[in-house]
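**Q** Have a look at the structure that comes next, please.
The values are calculated or read from the model by the stated rules, or taken from the named source; none is laboratory data. Nothing here was measured: the structure is a model prediction, and the numbers come from that model. Cβ atoms come from the backbone with ideal geometry, glycine included; neighbour counts cover every protein chain shown. Heads up: the accessible areas ignore ligands, DNA and RNA and are worked out on the full protein's heavy atoms, side chains in. Shrake-Rupley method; radii C 1.70, N 1.55, O 1.52, S 1.80 Å.
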Amino acid sequence: MANTDPESSRAADDLIARAARLDADDPLAHCRARFVLPEAMIYLDGNSLGAYPASVGVRLDDVLNRQWSQRLIRSWDEGWWETPERVGDRIAGLVGAARGQVVVGDSTSVNIFKLAIAGARMRPDRTRIVIDSASFPTDGYIVDSVARLLGLAVTRADQSDLDNVLGDDVALALLNHVDYRTGKLWDMASLTRSVHNCGAVALWDVCHSVGVVPLQFDALDVELAVGCTYKYLNGGPGAPAFLYVREDLHDALDQPLTGWHGHVDPFGMQSDYEPAAGIIRGRVGSPPLLSMLALDAALDAYDGVSLADARAKTQSVTGIFIDALDRSLAPGVIEIATPRDSSQRAGQVSIAHPRARELVHELIPLGVLADFREPDIIRCGFSPLYIGHTDAVNAVRALASLLNQ
Ligand SMILES: *Cc1c(COP(=O)(O)O)cnc(C)c1O
């Protein structure tokens, strides 16, 4: 660090020592060995594209060289067909859902489309959809189209202002659990209660919380939810997303993409659509099996992982990261856009700086991979499975070496 006065170098040594102690006590430290990462790299982009779990290559070798090449079409009867529900049940364990309520397939965007329409159809007399104004853009794009298709209005609102825009004309509220830009984690319990108080249906997007925050869909009575699998769940580029529908709503679920994989009798080849019972009606057409089985293998990285431990670790690692930023940089050099209260953060810390875009590039040769979000945000994601406290402190050292010149 450029700042070489003895007091600050002692402070830096303190931080490194504290990080090492915390890493030594980390109950998830062994999970790092489940991943293959480049040498000497601190990967802070696991909230965008999760790292590569070694289990994936082993599984795909079997999928390609036995299931596909040798078993051929028979593999559909040997487990392929049920993969969306089976992998869905594995994810159910991560989102506080009993089995039979999660199915995997399609992208998050497509699943938002399916569930926003299905959700709005549950309240046919209502005329409005409410969406988080800071939402990841795809959510808003899809909701606008859904509203046009159904002849509904859309209200964009800050989630802190939700109670003021909800009313008895609202059919559906699409909420983001984490602000993708600032990393703020919203209180799912209280926002869901607000939506229910006005009689609307809650559709949660948990792309940035699944795998880092213990979720409680069943306990909170959440009706509908969607989430990504290529972020903290490490499913790989373009891995299929998932959707959740509360069990008592399955029979009424009028899912608009009525493809044959959601049919009650897909091989009956009937001319009319009759939806399957249960969560299967969330399916559409042939799933991307190679990606889905890669995701299945990737989920092994969560085997035996307590999400309470994952949550505690991420809060602690992001905490030391913020602490290190405070101590290593002069006041005002950067702005931390993420809440300092660790109960309001998920796995991400966002740093605002006018040269954010350049800094993200300059960090790469220093062994730190983070990402840039418009307009001025350096986004750092901390996977509980492979990023520790020492990584966090060293990433700050790299950033400070660029900023303290
Ligand atoms: C990453 C992300 C998505 C991605 O959608 P895809 O259709 O799967 O590409 C959607 N919503 C949020 C909040 C996200 O963070």
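**Q** Taking 0.36 nm per residue of separation and subtracting the Cα-Cα distance, what length does fully extending S145 through I364 add?
**A** So the extension gain works out to 75.0 nm.
**Q** Mind ranking 198-209, 99-110, 133-144, 380-391 by how tightly packed they are, going by the mean number of other C-beta atoms within 10 angstrom, highest first?
**A** 380-391, 198-209, 99-110, 133-144
**Q** Given the stretch 83-172, report the % of alpha carbon pairs whose separation exceeds 23 Å.
**A** Pairs farther apart than 23 Å: 34 percent.
**Q** Label point 7 Å out from R327 along Cα-to-Cβ: which residues of the stretch 386-405 have amide N under 11 Å?
**A** Answer for this model: 393.
**Q** I've got another one for you. Straight distance only, please: which lysines reach the Cα of K114 with their own Cα at less than 30 Å, same-chain residues fewer than 8 apart left out?
**A** In chain and number order, the partners are K184, K231.
**Q** Taking H placed 1.01 Å from N in the peptide plane, check which residues at least 5 places from Y52 or on another chain put their amide H under 5 Å from its amide H.
**A** Sorted by chain and number, the residues that satisfy this are V36.
**Q** Calculate, for S109 and T258, the FRET efficiency according to 1/(1 + (r/R0)^6) with r their C-beta to C-beta distance and R0 22 Å; round to the nearest 0.05.
**A** In this case the efficiency is close to 0.75.
**Q** State in Å² the accessible area per residue of the stretch 269-338; use a 1.4 Å probe, count heavy atoms of protein chains only, and round to the nearest integer.
**A** 39 Å²
**Q** Further question on the same structure: When the chain is fully extended, how far beyond the present Cα-Cα distance does R355 get from N164, taking 0.36 nm per residue of separation?
**A** Contour length minus Cα-Cα distance gives 65.1 nm.
**Q** Residues in the stretch 269-304 near a label at M41, defined as backbone nitrogen under 14 Å from the 7 Å Cα→Cβ point?
**A** Hits in the stretch 269-304 for M41 at 14 Å: none.
**Q** Hey, another quick one. When the helix-only estimate is applied to the chain (DSSP H runs of n ≥ 4, each -39,500 (n - 2.57), divided by the residue count), what is the mean residue ellipticity at 222 nm, nearest 500 deg cm²/dmol?
**A** Result for the chain: -10500 deg cm²/dmol, rounded to the nearest 500.
**Q** Please give the FRET efficiency for E82 paired with L249, using the beta carbon to beta carbon distance and R0 = 25 Å, rounded to the nearest 0.05.
**A** Using R0 = 25 Å, I get an efficiency of 0.70.
**Q** Give me log10 I(q)/I(0) at q = 0.10, 0.13 Å⁻¹ for the chain, Debye formula, one equal scatterer per alpha-carbon, no solvent.
**A** -0.70, -1.09
**Q** Please list, in chain and number order, the residues 5+ apart from K184 or on another chain whose amide H is under 5 Å from its amide H, with Hs placed from the backbone.
**A** D179
**Q** Still on this structure, I have one more. Show me 392-404, 223-235 ranked by packing, highest mean number of other Cβ atoms within 10 Å first.
**A** Result, highest mean Cβ count within 10 Å first: 223-235, 392-404.
**Q** What does the convex hull of the Cα atoms of the stretch 3-57 come to per residue, in Å³, rounded to a whole number?
**A** 118 Å³
**Q** Another one. Taking 0.36 nm per residue of separation and subtracting the Cα-Cα distance, what length does fully extending F267 through E335 add?
**A** 18.7 nm
**Q** If you roll a 1.4 Å probe over the chain with all protein chains in place, what percent of the accessible area is carbon or sulfur?
**A** The C+S portion of the solvent-accessible surface of the chain is 52 percent.
**Q** A further question follows. Once amide H atoms are placed 1.01 Å from N in the peptide plane, what residues at a sequence separation of 5 or more from V201, or on another chain, have their amide H within under 5 Å of its amide H?
**A** L172, A173
**Q** Quick one: angle between helix 307-328 and the longest Cα principal axis of the chain, in degrees between 0 and 90, rounded to 10, please.
**A** 40 degrees
**Q** What residues from the stretch 269-292 fall in the zone where the backbone N is under 14 Å from a label point 7 Å along the Cα-to-C-beta line of R66?
**A** In the stretch 269-292, the label zone of R66 (backbone N under 14 Å from the point 7 Å along Cα→Cβ) covers no residue.
**Q** Rank-order 315-322, 69-76 by packing density, defined as the average count of other C-beta atoms within 10 Å over each peptide's residues, highest first.
**A** Top to bottom by mean Cβ count within 10 Å: 315-322, 69-76.
**Q** With every protein chain left in place and a probe of 1.4 Å, what is the accessible surface of E374, to the nearest 10 Å²?
**A** Its accessible surface works out to 110 Å², give or take rounding.
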